[in-house]
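Note sheet for the following structure.
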């Protein structure tokens, strides 16, 4: 190979390192040769200086070769030591970026309505069907939705409270009536229905207050007067109840509510014949009132007329299948018979 030409398999740095190594070897050989000549041609005392020099030169040469080779190799990574926990302190003085969170509904454009609830008209239609099917709890729940969200919630008053009352949900009925009263404090129908629900709870004091509020709006309202008379009866104020009922009958002889109160007053006083006549008059005016037939059955049972009692109980249960007391009485009489 021509002098000074870099072989193709070596880089410029490797070629320069090799030339340096060759030069050092050549110089080392020359010094060793001189040292040998001195050793053979001169006294021993003069030999030690060049020998020591050649030793030093050889050591220098080996050291440089090791240093050059080390420079060409990457140093190995240090062995991992025990993990070191690095505590990063948060700069609380730096302002934090504010982020707004928005809910995105896939497939629905922004601003589009996601309300899939039934319309008020549909809810009212379903409530009417539930009423026809005697599913009064469902009717009340549907009407309650209209009451809570409609622009004209008073339109379902007092029907929502009545539905819950028919379902036996007296507390829900009272809550609905309270909402209705807040919407229309002077509505006579709502005051009356609210009084009936409170009376069924029973909360006679508040019920009487609703009836009196109704009479302030409509002094001649016979339903409110009958409500007050019935409260007197349920509190066992028999004389006051009978007087209030007869006062109504003087103005409206065919008022079946007043007839029922009069008959019950006679029943409580042990006047079974008078009570029977009153209840029979009630069935003549309205044969679809379950309570007249139920009490006629009670009188017949008390008088030992089992067949008549069973006949009246059957009629009462046909009108109100949920009257468990009458059902128990009928079943008991059947077993005895």
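What follows is calculated from the coordinates using simple rules that are stated; it is not laboratory data. What you see is a predicted model; the values in this text were computed from it and never measured. Counting neighbours? That spans all protein chains shown, and the Cβs are built from the backbone with ideal geometry, glycine included.
Numbers at a glance
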item: Positions within the range 284-311 being surrounded by fewer than 18 Cβ atoms within 10 Å (Cβ to Cβ), over 47 Å from the mean Cα position of the chain (by Cα) and part of a helix (DSSP H, G or I), in sequence order; result: 284, 285, 302, 306, 307, 308, 311
item: Residue that is nearest to residue 256 (Cα to Cα) [pool: residues in the range 312-324 that are without any contact (Cβ under 8 Å) to a residue 12 or more places away in the chain and outside any loop (DSSP other than H, G, I, E, B)]; result: 318
